[in-house]
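Each remark here refers to the structure printed beneath this line.
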Amino acid sequence: MKILEKANKRVPFLGNEAIVRGALEAGVQFVSTYPGTPASEIGDTFFKLQRSKNKIKNLYFEYSTNEKVAMEAGIGASFSGLKAMVVMKDFGLNVCADALLPFCYTGTKGPTVIIVADDPSCHSSAQSEQNTRAFAQLAHIPILEPSDPQECKDYVKAAFKLSAKFKMPILLRTTTRVNHQTSFVDLGKIPAIKADGKFVKDVHRFNTMPPRVFSMHSEMLDRIKEIKKEAEKSELNLTSGKQVSSKIGIITSGVSYLYVKEALADLGMNLPLLKLGFFHPLPEKKIKNFIKPLKKVLIVEELEPFLEREVAILAKDANPRLQIMGKEIIPEIGELKPRIVLSAIAKLANKKIKALPSVDLEKVAVKRTPQLCPGCPYWLVFGGVKKATEGKNVVYGGDIGCYMLAGVPPHNIQDYLFCMGGSMGIAHGIKKATNNKQKLISFVGDSSFFHVGIPALINAVHNQSNPLIILLDNSTTAMTGHQPHPGIKIDSMPIIKPEDVVKACQVKHLKIIDPVNQGEFIKAVKDFLEKDTVSVIIARRPCLFANRVN
């Protein structure tokens, strides 16, 4: 496998592959994840490695049922002394926050790194443009931001070292353009992994019951102060460029650094540039020293102006007259683009540039909506639902997965869409608000059902509402790359059948139907819409690509 190439070679790696290589070079022993793009390839690579003939001894990997469980598993491994890594996309951090925050209080025993992939511009997301950097102050967790595959590998190794030194989890934040960027990476040696861990009881360290939690809070803040000293001297923060007579400079981090470097090259400029690999805690002294001689500084960052706000605070002492430019010329929505950064730097330097060629994409691009794959069983599900509900006033609840496409033509049957499992939870609220009178169908996928749908089903049954839930069972986690989940056969692991869980939740009305049988499916939808308690139809037909990974 390419991921196991020998040391001292230069190999082209995707950013996600470089993260895996960095973890292997750091001697990672335990990896848990729930698949979510743009981080999916990290888990996929470990999964393939685990099942290859070159399987690494004493390296454990799992696809967990959701990110909270993945985090808790990683915490357990860390408490047992293992080097642990937990991987997720941005929204997964919300799911696992309940476990992450106390983990920052207890600190680690085995070094622990948390990989979180953000998705500015929502290339593979439907909920929001989440900026994980906001968790820095909420959780008091150090955050590193790589900008390219080489840094992905190097920063993972650095994160494990920091975690080992300061006994705290370290978060590595990436974005889509970092995860899915490819470039050559210099490889180091992959060490042999040591034997299994052991949990040694230490209630004082691992139990957050008050009043101990208050002293834990103080200890956590002390660790942050110590790691702040490390940030000041860290090589992850880089300065470059030369001072010019106009005394202007740029501060940036993450993938924005690459846009800045490209723009400076295009403009033929070599401005003072501070690139922050440490986002939290920030190297405040380094920033103050950088901005002290400047008249103007441009802060280049995607989404919310976190760096800009911090620099403004620091400038009050270091350089009160400093003109700080940022979001007034750089958008707060969506990914940055080369032309945006080029124009911003030109404005900073009062430099005229040739008019950039403009293309009206609305006129040039062929208009189309995303479509389900040819042969996808969801065509049959959505078509059957539309026939069964024709002429009826039905609310349709959407969820996260391929079936989100129910909301676009030709289907147009998705009245709300929020988060994984949200179709069922919101359905219950609507049903109770309308005294169960308004007819409602909520869609949920098999992987999403295991992820977070089960509590919502239990809640609806217990609190006596009556939505019709259509559980789309295509035997894979399709949208993120066809990863396995507990409902399918994988090696010697036991299968957890969705219908067994549904029955255990005391659902009285349950049918399992292959949607190819349209007559049976349509009749079931019509009948179940009239039931006075929760009803579930499991529409079971495998995705055409379900065995690609499994």
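Being assigned by TED's automatic domain parsing to the domain that holds GLU308 and surrounded by fewer than 17 Cβ atoms within 10 Å (Cβ to Cβ) is the requirement here; does SER218 meet it? Answer is no for this residue. Mind listing whichever residues of segment 247-274 are of a type in the set (Gly, Ala, Ser), surrounded by fewer than 22 Cβ atoms within 10 Å (Cβ to Cβ) and outside any loop (DSSP other than H, G, I, E, B)? Matches in segment 247-274: ALA265 only. Taken over segment 119-178, the residue count meeting the criterion of being surrounded by fewer than 18 Cβ atoms within 10 Å (Cβ to Cβ) and of a type in the set (A, V, I, L, M) is 4. A single member of GLY43, GLY110 is of a type in the set (Gly, Ala, Ser) and in contact with a Leu (Cβ under 6 Å, 6 or more places away or on another chain), and it is GLY110.
For ASP491, indicate whether it is charged (D, E, K, R), within 23 Å of GLU62 (Cβ to Cβ) and in contact (Cβ under 8 Å) with a residue 60 or more places away in the chain. Please lay out each step first, then the result.
Details: charged (D, E, K, R): yes; within 23 Å of GLU62 (Cβ to Cβ): yes; in contact (Cβ under 8 Å) with a residue 60 or more places away in the chain: yes.
Judged against the criteria, ASP491 is a match.
Evaluating ARG173 against the criteria (1) more than 15 Å from the chain's Cα centre (by Cα); (2) touching a residue at least 40 places away in the same chain (Cβ under 8 Å) leaves one unmet condition, (1). Of the residues screened, THR33 is not one that is polar (S, T, N, Q), farther than 18 Å from GLY197 by Cβ and at pLDDT below 95.
Number of residues in segment 534-550 that are in a loop (DSSP other than H, G, I, E, B) and at pLDDT 95 or above equals 1.
Being crowded, with 16+ Cβ neighbours inside 10 Å and over 17 Å from the mean Cα position of the chain (by Cα) is a description that applies to ILE193. Taking the listed residues VAL341, VAL366, the one that is among the β-branched types (Val, Ile, Thr), surrounded by 12 or more Cβ atoms within 10 Å (Cβ to Cβ) and either in contact with a His (Cβ under 7 Å, 6 or more places away or on another chain) or not assigned by TED's automatic domain parsing to the domain that holds GLY92 (or both) is VAL341, with no other qualifying.
Is it the case that segment 8-31 has a residue that's under 23 Å from GLY487 (Cβ atoms) and of a type outside the set (Asp, Glu)?
Of all residues in segment 8-31, those under 23 Å from GLY487 (Cβ atoms) come to 31.
In the following step, the residues that additionally are of a type outside the set (Asp, Glu) were identified as 31.
Yes: one or more hits.
Regarding segment 350-360, can at least one residue be identified that is among the acidic types (Asp, Glu), modelled with pLDDT of 90 or more and outside any helix (DSSP H, G or I)? No, the conditions are met nowhere in segment 350-360.
Set side by side, the residues ALA427, ALA460, ALA406 differ, and just one is over 20 Å from the mean Cα position of the chain (by Cα), surrounded by 20 or more Cβ atoms within 10 Å (Cβ to Cβ), of a type in the set (Gly, Ala, Ser) and modelled with pLDDT under 90, which is ALA406.
Residues that are under 16 Å from ALA456 (Cβ atoms) and in contact with a strand residue (DSSP E or B) (Cβ under 8 Å, 6 or more places away or on another chain) within segment 423-442 comprise SER423, MET424, ILE426, ALA427, ILE430, LYS431, LEU440, ILE441, SER442, listed in sequence order.
The values are calculated or read from the model by the stated rules, or taken from the named source; none is laboratory data. Note that the coordinates shown come from a computational prediction; the quantities given were computed from them, not determined experimentally. No Cβ is skipped: glycine too gets one built from the backbone with ideal geometry, and neighbour counts run over all protein chains shown.
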